[in-house]
Amino acid sequence: MAFAIDLYSRAIVGWSAATVKDVAFVEQCLSMALWRRDHTSRPVPEGMIHHSDAGSQYTSIRFTETLTLQGLSASIGTVGDAYDNAAAESFMGLYKNE
């Protein structure tokens, strides 16, 4: 499962579920999040930061190009750096407990 959280509003704005974790899977989630922001009159400003873990689907050339085309800046910390994805880890912890 992939999901996008708008940290400002603390809302889940995109999600995707699949049996394979590939670039198309995370691009679908990102597309939903961007679409929802556009249709709520809050388009993504140029340079907005996209946080993710260091999974191969997020570090691929294709996904990096997708972020650039959307005007987003990638922010991937070092492996094991909990600060970049603390909100996502917290959410997944709640989800897994349920």
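Key figures for this structure:
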{"item": "Out of Ala4, Ala82, Ala87, sole residue that is assigned to a strand (DSSP E or B) and either open to solvent by less than 70 Å² (accessible area, probe 1.4 Å) or modelled with pLDDT under 90 (or both)", "result": "Ala4"}
{"item": "Cβ pairs under 6 Å, 6+ apart, first in segment 40-67 and over 14 Å from Asp6 (Cα atoms), second of a type in the set (Ser, Thr, Tyr)", "result": "Gly47/Ser73; Tyr58/Ser52"}
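Listed here are the residues, each with its yes/no results for (1) under 11 Å from the mean Cα position of the chain (by Cα); (2) at pLDDT 85 or above; (3) open to solvent by less than 30 Å² (accessible area, probe 1.4 Å).
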residue: Thr19; (1), (2), (3): no, yes, no
residue: Ala24; (1), (2), (3): no, yes, no
residue: Met32; (1), (2), (3): yes, yes, no
residue: Thr40; (1), (2), (3): no, yes, no
residue: His51; (1), (2), (3): yes, no, no
residue: Ser60; (1), (2), (3): no, yes, yes
residue: Thr78; (1), (2), (3): no, no, no
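The values are calculated or read from the model by the stated rules, or taken from the named source; none is laboratory data. No experiment lies behind these values; they were computed from the predicted model shown. We place every Cβ from the backbone using ideal geometry, glycine too, and count neighbours over all the protein chains shown. Keep in mind that these areas ignore ligands, DNA and RNA; they rest on the heavy atoms of the full protein, side chains included. Shrake-Rupley method; radii C 1.70, N 1.55, O 1.52, S 1.80 Å.
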